[in-house]
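What follows is one structure encoded as structure tokens, with my remarks underneath.
The values are calculated or read from the model by the stated rules, or taken from the named source; none is laboratory data. Just so it is clear, the model here is predicted, and its values are computed rather than measured. Methodologically, a virtual Cβ is constructed for each residue, glycine included, from the backbone with ideal geometry; neighbour enumeration extends over all protein chains shown. Side chains are part of the model used for accessible areas, which takes the heavy atoms of the whole protein and leaves out ligands, DNA and RNA. Shrake-Rupley method; radii C 1.70, N 1.55, O 1.52, S 1.80 Å.
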Amino acid sequence: MNLVTRREGRLYFEDVALDTIAHAHGTPTYVYSRAALASTYREYDRAFAGHEHLICYAVKANSSLAILNLFARLGAGFDIVSGGELARVLAAGGDPNKVVFSGVGKTAEEMRAALTAGIHCFNVESESELHRLNRVAGELGKTAPISLRVNPNVDAKTHPYISTGLKENKFGIAHDEALRVYRLAAALPNLRVVGIDCHIGSQLTEVAPFAEALDKVLQLVDALAAEGIPLRHLDLGGGVGIRYRDETPPAVDAYARTLLGKLKGRPQKLILEPGRSLVGNAGLLLTRVEYLKHGEAKDFAIVDAAMNDLMRPALYDAWHDIVPVTVRQGEARRYEIVGPVCESGDFLGHDRELVLAEGDLLAILSAGAYGMSMSSNYNTRARAAEVMVDGDRAHLIRRREDIAALFANEVLLSR
Ligand code: LLP
């Protein structure tokens, strides 16, 4: 699918000219493609068709209701990490019985909400969490389905901030401890052991670490079966990385072939929790150049999107392609693309060769994952609008936040 095309100088997303979206809804605005979202989901679903599976979209990557609703309609499950994400999934029409709950810090209240909704599985990350969940389930007269998230101590070879499967990370239960903790879980009266879970990191560009982690998980599955603790599912965590610049992440097909090869003949259902690869390249951030500033050392394009809208460049030094919405003739300069926030770390791209004039629109690509969902109100900036294109139509799926809402919950001292 040619998602982003240029026709007579104008940039299109599906069959909608991006300048028309800026005109109708202002900037900064996130824009998503319905066709791209559906096609990446179906790609996963097809690739794993040979084995019973459940694709649980990782809500944290982009939690906007219209996106969750779209995945729910396609049959997806959801990987959540908070009570807030659970509420979003339910509001978007997601099936609670297809929800897995990950995260190291689940509160008792979040556990109650998830037990009441009747989720598929809790991915438990510590012994203390097991005891808390056992107590909360008992109070509600329920049995909590659980997996233990094991930390396989595998190097995912990704950015240190998003690598999670090494023993020095805060996530999961050490591989060597897992059997003992499983025995404990099996003995607790209000828990039912149903699976095993592992997530080694995000933006992986090789299959080998996934394969290594799966081998370690399968060793445990066999050891547990030998002890009379059979499992119904294996959850292998997040999906493959995506191309932002020149990365060569594995195709979903190749990733599926590797995993399925190892799962042949095994009865367990496979659960996956892809986030980035389902939404990342299906979204962009539309922004307008407010000012051009030709400094002594650098040329700056000051745009109306900032680190509060898209945090990835500031936080991980991440690269996003930045392309002009309308082609302009003239002399190209190397621009620092920066936002209005009062920090030197507020950049969206360094050293981009562009021909620009004030008022031009830019599209910041590959911004569908961890863009809107990580946005903040820093500098008391209202969060961006969101639009979903579908063929030649554009639907507003989130109005731009209004300023009054930003301090609506605040209270002045009375004296
Ligand atoms: N499952 C668990 C338990 C996770 O922690 C994550 C991501 C996923 C699934 C989804 O992984 P994915 O398919 O998206 O790779 N903000 C960072 C990424 C943080 C990822 C955190 N966990 C970024 O912008 O690169």
Nonlocal amide H pairs with GLY237, under 5 Å, H built at 1.01 Å: CYS198, GLU273
What Rg and what Dmax come out for the chain when only alpha-carbon atoms are used, in angstroms? 22.8, 73
Neighbours of ALA384 by Cβ distance under 14 Å: Lys/Arg at +1, Asp/Glu at -1, summed charge +1
Can you tell me the 0 to 90 degree angle between the C-alpha axis of helix 208-226 and the longest principal axis of the chain, rounded to 10? 20 degrees
Give the residue list of trypsin sites (Lys or Arg not before Pro) in the range 42-149 that are DSSP loop and have at most 16 other beta-carbon atoms within 10 angstrom. LYS142
Please report, as a whole percent, how much of the solvent-accessible surface of the chain comes from carbon and sulfur atoms (probe radius 1.4 Å). 49 percent
Through the Karplus equation 6.51 cos²θ - 1.76 cosθ + 1.60, θ set to phi - 60°, convert the phi angles of the range 16-21 into ³J(HN,Hα) values in whole Hz; use x for Gly and Pro. 10, 6, 5, 5, 5, 5
At what distance in angstrom do the alpha carbon centres of the range 319-377 and the range 233-249 lie from each other? 25 Å
Gaussian network model of the chain, Cα springs within a sub-10 Å range: biggest mean-square fluctuation belongs to which of LEU204, LEU179, LEU315? LEU315
In sequence order, what are the phi-derived ³J(HN,Hα) couplings for the range 87-95 according to the Karplus relation 6.51 cos²θ - 1.76 cosθ + 1.60 with θ = phi - 60°, rounded to whole Hz, with x for glycine and proline? 4, 4, 4, 5, 5, 8, x, x, 8
Give the lysines reachable from LYS167 as a straight Cα distance under 28 Å; neighbours fewer than 8 places away on the same chain don't count. LYS60, LYS106, LYS157, LYS216, LYS262, LYS269
Probe 1.4 Å, heavy atoms of protein chains only: per residue, the accessible area of the chain in Å² is 44 Å²
Non-local amide H neighbours of HIS53 (under 5 Å, H modeled in plane, Pro and chain starts lacking H): which ones? LEU270
Filter the GluC sites (Glu not before Pro) in the range 122-181 to those in DSSP coil with at most 15 other Cβ atoms within 10 Å of their Cβ, and list the result. GLU168
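Summing +1 for each Lys or Arg and -1 for each Asp or Glu, what net charge is found among the other residues whose Cβ lies under 13 Å from the Cβ of ASP155? Mind dumping the intermediate values first?
Values: positive: LYS157, LYS167, LYS216; negative: GLU168, GLU206, GLU212.
Net local charge, ASP155 excluded: 0.
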If one compares the long axis through the Cα atoms of helix 65-74 with the longest principal axis of the Cα atoms of the chain, the angle in degrees, nearest 10, works out at 50 degrees
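Write down the percent of antiparallel bridges among all DSSP beta bridges whose residues are both part of the range 1-158, to the nearest 5.
Details: 6 of 17 bridges.
Of the beta bridges lying entirely in the range 1-158, close to 35 percent run antiparallel.
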Calculate how steeply helix 252-263 sits against the longest principal axis of the alpha-carbon atoms of the chain, using the helix alpha-carbon long axis, and give the answer as 0 to 90 degrees to the nearest 10. 10 degrees
Ignoring ligands and nucleic acids, what accessible area does PHE171 show with a 1.4 Å probe (Å², nearest 10)? 50 Å²
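Which loop GluC sites (Glu not before Pro) in the range 350-415, with loop taken from DSSP, have no more than 12 other Cβ atoms within 10 angstrom of their Cβ?
Details: sites: GLU353, GLU358, GLU386, GLU401, GLU410; in loops: GLU358, GLU401, GLU410.
Those satisfying the criteria are GLU358, GLU410.
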Around LYS298, what is the net charge, scoring Lys/Arg as +1 and Asp/Glu as -1 over all other residues with Cβ under 15 Å from its Cβ? -2
Treat every Asp and Glu Cβ in the range 223-316 as -1 and every Lys and Arg Cβ as +1, leave all other atoms uncharged, and give the resulting dipole magnitude about the Cα centre to the nearest 20 debye. 520 debye
